[in-house]
1. For A:Gln193, all conditions in the list (1) farther than 21 Å from A:Ser122 by Cβ; (2) more than 7 Å from every other protein chain (Cβ to nearest Cβ); (3) within 27 Å of the chain's Cα centre (by Cα) hold save one; what is the number of the exception?
2. Mind listing whichever residues of region B:246-262 are polar (S, T, N, Q) and surrounded by 14 or more Cβ atoms within 10 Å (Cβ to Cβ)?
3. Given the options B:Ala155, B:Ala188, B:Ala164, name the one that is under 16 Å from the mean Cα position of the chain (by Cα) and either assigned by TED's automatic domain parsing to the domain that holds B:Arg103 or not β-branched (Val, Ile, Thr) (or both).
4. Residue check, A:Ala211 against (1) open to solvent by 30 Å² or more (accessible area, probe 1.4 Å); (2) touching a Cys at 6+ places or on another chain (Cβ under 7 Å); (3) not β-branched (Val, Ile, Thr), all met but one. Which one?
5. Output the number of residues of region B:182-198 satisfying the condition of being assigned to a helix (DSSP H, G or I), open to solvent by 10 Å² or more (accessible area, probe 1.4 Å) and not basic (Lys, Arg).
6. Being in contact (Cβ under 8 Å) with a residue 24 or more places away in the chain and either in contact with an Asp or Glu (Cβ under 8 Å, 6 or more places away or on another chain) or among the small types (Gly, Ala, Ser) (or both) is the requirement here; does B:Leu101 meet it?
7. For A:Val92, all conditions in the list (1) part of a loop (DSSP other than H, G, I, E, B); (2) open to solvent by less than 10 Å² (accessible area, probe 1.4 Å); (3) of a type in the set (Val, Ile, Thr) hold save one; what is the number of the exception?
8. Answer with yes or no whether B:Gly77 is modelled with pLDDT of 95 or more and under 20 Å from the mean Cα position of the chain (by Cα).
There are 2 protein chains.
Amino acid sequence: MKLSFIGLGVMGYPMAGHLKKAGHDVCVYNRTTEKAQAWAKEYGGSYAPTPADAAQNADVIFVCVGNDDDVRSVIFGENGALSATGANAILVDHTTTSALLAREINEACIAKDIKFLDAPVSGGQAGAENGALTIMIGGEPETYSNVEPILNCYAKKTKLLGPAGSGQLAKMVNQICIAGVVQGLSEAINFAQRSGLDADAVIEVISKGAAQSWQMENRSSTMIKNEFDFGFALDWMIKDLGFALDEGDKNNIALPMTKLVDSYYKEIQKNGGGRWDTSALITLLNKK
Amino acid sequence: MKLSFIGLGVMGYPMAGHLKKAGHDVCVYNRTTEKAQAWAKEYGGSYAPTPADAAQNADVIFVCVGNDDDVRSVIFGENGALSATGANAILVDHTTTSALLAREINEACIAKDIKFLDAPVSGGQAGAENGALTIMIGGEPETYSNVEPILNCYAKKTKLLGPAGSGQLAKMVNQICIAGVVQGLSEAINFAQRSGLDADAVIEVISKGAAQSWQMENRSSTMIKNEFDFGFALDWMIKDLGFALDEGDKNNIALPMTKLVDSYYKEIQKNGGGRWDTSALITLLNKK
């Protein structure tokens, strides 16, 4: 199938690579052209100078960029993908955005007989590289069925969760859970350390029971060692929690802990820790 | 070995039963004698009218009662276990108490040549019944080695974590983690429901990734159905978080989220929900 992939960051680069390796005809676009050239050289696909050129004649156009403004630019902007997307093509946005933007893109697509899915991912860089992403999807069932086999080139799990915007809302649910888990784990590890316990030993024993979490299994040892230079940058977490808090404000949904943790992340970001992994929440407690 | 078990609640009753089934000579004490009689009838052990009588001549005395005052009463009180415990016997307290009380009991035991372990458990009623508890232990390595084979009658995992009080501190670490996980999960599920998502479907997809937790796997479906009449009563969680918050205050350890969640639990308790499972945190959000 003729595919287009827009955005070759740490996620998009290997994702587009999986599509090419699966035998599809893939044309990529990236803001920094050198990255697109490197990709084309590595995987043997083609690259285009604008999103519109990349989208031209594509059956499915994938987008995976940074934030709402980036998505608007590559989809709606001058030489944006929508200007060149043909009727009956499918547009899939893997960027984590506001639900509002997902619905807005969907409306614009409907007007041009284009199908749209909002499809934010989780699983991080490792998930993208190993083709083991989880994808939360909003859109029409038929569109989902058509795209699902292609998504499986880089996903271990995909699920349609409702109409346009539902993928983004589900991603917010994911991030709200993580905020609570990581803050609890931070207070717990800090408490253990300051109480004179061997935090690794305590985590080993409590990780068998009701306190267990993915974050405990994958982040506690680095938290104990004060290592945060890896993983999911809290700059991105602040962006994602912002979407959740905006939705909450708009619809009168109480998110008190999420609000608290968001303020902690912003404090760390202000102090220069924006690229640290989300588990860096513990650094605020260490200082007190 | 000659063992004594004091406190036949939903935890102690089956725990003492496992000791008897393993072939030990077990004498039990319970405040309500009928429970002790029922236990003796079910397992074929003996029961005593006071903690002192139960502790008489025992090699190891186990305690598993409600709170600090209950522990003080059965250990230090008139006809308490310590009054009849022989030198070189071992006292094991499975109650979740303050670290202060654990250290106090330890001092009293040292003065009488008795060995002491604080050994709070996790795993709930099911863990006690199935012999699959996790036990966090404070005390001397030699004492731990002597008791470990007996603990394995009802534990799947035991670990010595430091001197007297360390088991209690580790249990606090466990409860702090749970507070964060459950509050995050509550806000997330409530957000999903109010945003019109199928919360079960969202949980299914996000439970494969970084938001995963034991609580998500074991409590989200009942939270979605508003069922809380089971599990670990939040009355007990308030007791446990109180110990952690006291330790935090005393040692200047920041526990902001724990404090917030504790206040939510107290609000639910005040409204009559004290016997509900800890996952009932979501009910506060539902009302808003």
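1. So A:Gln193 meets the others, but not (3).
2. Answer for region B:246-262, where residues must be polar (S, T, N, Q) and surrounded by 14 or more Cβ atoms within 10 Å (Cβ to Cβ): just B:Thr258.
3. On the way: B:Ala188 fails: under 16 Å from the mean Cα position of the chain (by Cα); B:Ala164 fails: under 16 Å from the mean Cα position of the chain (by Cα).
Just a single option satisfies the conditions, and that option is B:Ala155.
4. Just one mismatch for A:Ala211, condition (1).
5. Looking only at that region, the number is 1.
6. Values: in contact (Cβ under 8 Å) with a residue 24 or more places away in the chain: yes; either in contact with an Asp or Glu (Cβ under 8 Å, 6 or more places away or on another chain) or among the small types (Gly, Ala, Ser) (or both): yes.
It is true that B:Leu101 is in contact (Cβ under 8 Å) with a residue 24 or more places away in the chain and either in contact with an Asp or Glu (Cβ under 8 Å, 6 or more places away or on another chain) or among the small types (Gly, Ala, Ser) (or both).
7. Exception for A:Val92: condition (1).
8. Values: modelled with pLDDT of 95 or more: yes; under 20 Å from the mean Cα position of the chain (by Cα): no.
So B:Gly77 does not fit the description; no.
The values are calculated or read from the model by the stated rules, or taken from the named source; none is laboratory data. Only a predicted model underlies this, so the values are computations on that prediction, with no experimental measurement involved. Heads up, the Cβs are rebuilt from the backbone with ideal geometry, glycines too, and the neighbour counts pull from every protein chain shown. The area values use the complete protein model at the heavy-atom level, side chains included, leaving out ligands, DNA and RNA. Shrake-Rupley method; radii C 1.70, N 1.55, O 1.52, S 1.80 Å.
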